[in-house]
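Everything on this sheet refers to the single structure shown next.
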Amino acid sequence: MAIKIFLVKQVIKRTLPLFGGMSDKNLGRLLWLVRKLAPTEFTKSFIDAIDRMRQEQHPTIEVIRRVVRQTSPHVRERLVNSLLIRELMQGNVIRERIRSEGLAAPQAYLISPTMRCNLRCAGCYAANYSKKDDLEFEVIDRILTEGEELGAFWVTILGGEPFVRQDMWEIYKRHNDVFFQIYTNGTLVDKEVSRKLAELGNVLVNFSLEGFEEETDARRGKGVFQKIMEGMDNLREVGVPFGFSSMVTRQNVDTIISDEFNDMLIEKGCLIGWHFLYIPVGIDPDTSLMPTAEQRELIRRRGAQRLRNEKPMFVIDFWNDAPYVDGCIAGARHFFHINSHGDVEPCIFVHLAVDNIKQKSLKEVINSPYFRGIRARQPYGKNLLRPCTMIDHPQVLREICAECHPHSTDGPVCGLITSPVSEALDKYSQEVAKIMDPVWEQEFANWHFTPDTFVPGKVYKKKQ
């Protein structure tokens, strides 16, 4: 395998700078060669999907070309090492070996090093946290080392606001084989921060937006939207890749999926985007902000899938794209979350934990009875358009809680499993089922998805 990976690195190193303007014919030849050298079947299937998109002239090919054109040579080299070589190739080999032993080997995980933030957004409780609540540097360092041993080279950093912690620069530097994805409010991404990110090269930044200036500033504060726009300009100037993240609520659905909003982001230089449905978690959850069942279907039809098929920006819907990964990926099936206190949660939205990373190894906590119980129940139903244990199958979450007795990481009460939130979620899940179950039967039931191969377009085939 080592020889194959060396050859792949040499081929990519010599040809990637030409990729932005490479002809379709030469691109096909390059993909053929890389596939021949690919060390695993998963890697080969991924390359096959890219080649299929090339043949179909899918916009995702233009996204890849944009990545090459917009990133600096140093950043491209670091991304090839962390994302393609370490994550896609070597990481997958390690994960397959571990899974063959009956153990969990998630592809990615999330860490919140701090819950502190320089903003005071409406509905957020970051003001309740101080520096003493931060996850210790030594613990973060250990987690990343243990993650690499498990084949996980994709790490998402959240908050709070990640850029308030200056010691994280050393973490990114120490673990330069890891691909880091940072979610930020964007207000601290000045020219100095952008320069540091360009020097690292293994970081992609996602800016949080509620929509245009009016929607974003209404929640985050006056002037935040313009700060985000400046941050995007700063990163583009030094060749650092970036994207966006939007919390989709009942109030901003139309804006988030609109051509005007997404065309603006493409023009600014966004390469990737994430749609996350609003989930009523935290100390004071508000179920009235959840997109309605009808809006869930609107997002499915007019949201990420349509945008991927029509525009040169790769947009992912954390719920409606669940069929591509065979439903829920929480509980260390493919990801999990470690909060700033070290509590290990099955999902960024499920604030319930049994173990703390300060007392156990990463391998121990992701193979706990709690996480095993979650994985054993996945998928929670045959309709993969309703993948979630929180808002689509809340009874499953309560069943797991009764079995494993996790504690709330929000404080004394977790709204997901107590009234009145639990009653609202039961009603909501029933309303969504009325809309989405017929959609699944009519449009999806006769098709077979290939689990764990997430690519846009037709990645599924009709059942025989």
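The values are calculated or read from the model by the stated rules, or taken from the named source; none is laboratory data. Here the structure is a predicted model, which is why all the values come from computation and not from measurement. Note that we place each Cβ from the backbone using ideal geometry, even for glycine, and neighbour counts take in every protein chain shown. Accessible surface areas use protein heavy atoms only, side chains included; no ligands, DNA or RNA. Shrake-Rupley method; radii C 1.70, N 1.55, O 1.52, S 1.80 Å.
Here is a list: 174, 220. Which entry is basic (Lys, Arg), open to solvent by 20 Å² or more (accessible area, probe 1.4 Å), touching an Asp or Glu at 6+ places or on another chain (Cβ under 8 Å) and within 21 Å of residue 77 (Cβ to Cβ)?
174
Go through region 393-403 and give me each residue that's touching a residue at least 24 places away in the same chain (Cβ under 8 Å) and either open to solvent by less than 30 Å² (accessible area, probe 1.4 Å) or assigned to a loop (DSSP other than H, G, I, E, B) (or both).
Of everything in region 393-403, those that are touching a residue at least 24 places away in the same chain (Cβ under 8 Å) and either open to solvent by less than 30 Å² (accessible area, probe 1.4 Å) or assigned to a loop (DSSP other than H, G, I, E, B) (or both) turn out to be 393, 394, 397, 400, 401.
Tell me, which residue of region 322-332 that is part of a loop (DSSP other than H, G, I, E, B) and of a type in the set (A, V, I, L, M) is most open to solvent (accessible area, probe 1.4 Å)?
329
Sort through 178, 139 and tell me the only one that's of a type in the set (A, V, I, L, M, F, W, C) and under 17 Å from the mean Cα position of the chain (by Cα).
178
Do we find a residue being open to solvent by 20 Å² or more (accessible area, probe 1.4 Å), at pLDDT below 95 and farther than 27 Å from residue 299 by Cα anywhere in region 382-392?
Scanning region 382-392, I find no residue that is open to solvent by 20 Å² or more (accessible area, probe 1.4 Å), at pLDDT below 95 and farther than 27 Å from residue 299 by Cα, so the answer is no.
Can you work out which of the residues in region 340-367 that are open to solvent by less than 10 Å² (accessible area, probe 1.4 Å) and outside any strand (DSSP E or B) is nearest to residue 402 (Cα to Cα)?
Step by step, filter region 340-367, then rank; the result is 346.
Take the residues in region 1-43 that are farther than 16 Å from residue 88 by Cα and not in a helix (DSSP H, G or I), then tell me which one is modelled with the highest pLDDT.
Within region 1-43, the match that is modelled with the highest pLDDT is 23.
Given the residues 420, 451, which is the only one that is open to solvent by 20 Å² or more (accessible area, probe 1.4 Å) and modelled with pLDDT under 70?
Of 420, 451, the one residue that is open to solvent by 20 Å² or more (accessible area, probe 1.4 Å) and modelled with pLDDT under 70 is 451.
Those residues that are open to solvent by less than 40 Å² (accessible area, probe 1.4 Å), closer than 19 Å to residue 315 by Cα and within 23 Å of the chain's Cα centre (by Cα), I need them from region 25-70; list them, please.
49, 50, 53, 58, 59, 60, 61, 63, 65, 66, 68, 70
Let me confirm something: among 151, 160, which residue is modelled with pLDDT of 95 or more and surrounded by 19 or more Cβ atoms within 10 Å (Cβ to Cβ)?
Selected residue: 151, the only one of 151, 160 that is modelled with pLDDT of 95 or more and surrounded by 19 or more Cβ atoms within 10 Å (Cβ to Cβ).
What is the residue count in region 423-442 for residues that are open to solvent by 50 Å² or more (accessible area, probe 1.4 Å) and touching a helix residue (DSSP H, G or I) at 6+ places or on another chain (Cβ under 8 Å)?
3
I want to confirm something. Restricting to region 269-308 and keeping residues that are assigned to a helix (DSSP H, G or I) and among the aliphatic types (A, V, I, L, M), which single residue is surrounded by the most Cβ atoms within 10 Å (Cβ to Cβ)?
307
I'd like the full set of residues that are among the aliphatic types (A, V, I, L, M), closer than 18 Å to residue 260 by Cβ and not in a loop (DSSP other than H, G, I, E, B), limited to region 309-321.
315
Hey, does region 108-120 have a residue that's assigned to a helix (DSSP H, G or I), of a type in the set (A, V, I, L, M, F, W, C) and more than 29 Å from residue 221 (Cα to Cα)?
No, the conditions are met nowhere in region 108-120.
Just for region 177-198: of the residues that are out of contact with any strand residue (DSSP E or B) (no Cβ under 8 Å at 6 or more places or on another chain) and in a loop (DSSP other than H, G, I, E, B), which one is surrounded by the fewest Cβ atoms within 10 Å (Cβ to Cβ)?
Filtering first and then ranking leaves 190.
Going residue by residue through region 148-156, is there one that turns out to be of a type in the set (D, E, K, R), under 24 Å from residue 359 (Cα atoms) and part of a helix (DSSP H, G or I)?
Within region 148-156 (the criterion being of a type in the set (D, E, K, R), under 24 Å from residue 359 (Cα atoms) and part of a helix (DSSP H, G or I)), the answer is yes, since at least one residue qualifies.
Considering region 263-281 alone, what residues qualify as being touching a Phe, Trp or Tyr at 6+ places or on another chain (Cβ under 6 Å) and either at pLDDT below 95 or among the aromatic types (Phe, Trp, Tyr) (or both)?
Answer for region 263-281, where residues must be touching a Phe, Trp or Tyr at 6+ places or on another chain (Cβ under 6 Å) and either at pLDDT below 95 or among the aromatic types (Phe, Trp, Tyr) (or both): 276, 279, 281.
When you go through 126, 105 one by one, which is the residue that is at pLDDT 90 or above, open to solvent by less than 30 Å² (accessible area, probe 1.4 Å) and either small (Gly, Ala, Ser) or under 30 Å from residue 283 (Cα atoms) (or both)?
Result of the check over 126, 105: 105.
Using beta carbons and a limit of 7 Å, which pairs, at least six apart or on different chains, have the first residue in region 293-316 and farther than 21 Å from residue 268 by Cβ and the second one open to solvent by 40 Å² or more (accessible area, probe 1.4 Å)?
Correct list of pairs: 293/431; 293/434; 293/435; 294/435; 295/250; 296/435; 297/435.
Quick check on residue 120: is it under 26 Å from residue 225 (Cβ atoms), open to solvent by 30 Å² or more (accessible area, probe 1.4 Å) and in contact (Cβ under 8 Å) with a residue 60 or more places away in the chain?
Judged against the criteria, residue 120 is a match.
Quick grid of which residues meet (1) of a type in the set (Ser, Thr, Tyr); (2) at positive phi:
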residue	(1), (2)
24	no, no
27	no, no
38	no, no
41	no, no
45	yes, no
49	no, no
57	no, yes
63	no, no
66	no, no
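Are any residues in region 199-209 over 18 Å from residue 82 (Cβ atoms) and open to solvent by 10 Å² or more (accessible area, probe 1.4 Å), and if so, which ones?
The one that is over 18 Å from residue 82 (Cβ atoms) and open to solvent by 10 Å² or more (accessible area, probe 1.4 Å): 208.
For region 128-147, which residues satisfy the criterion of being in a helix (DSSP H, G or I), among the polar types (S, T, N, Q) and farther than 26 Å from residue 98 by Cα?
Correct list: 128 only.
Which residues, taken from region 227-286, are over 17 Å from residue 188 (Cβ atoms), touching a Leu at 6+ places or on another chain (Cβ under 7 Å) and among the aromatic types (Phe, Trp, Tyr)?
278
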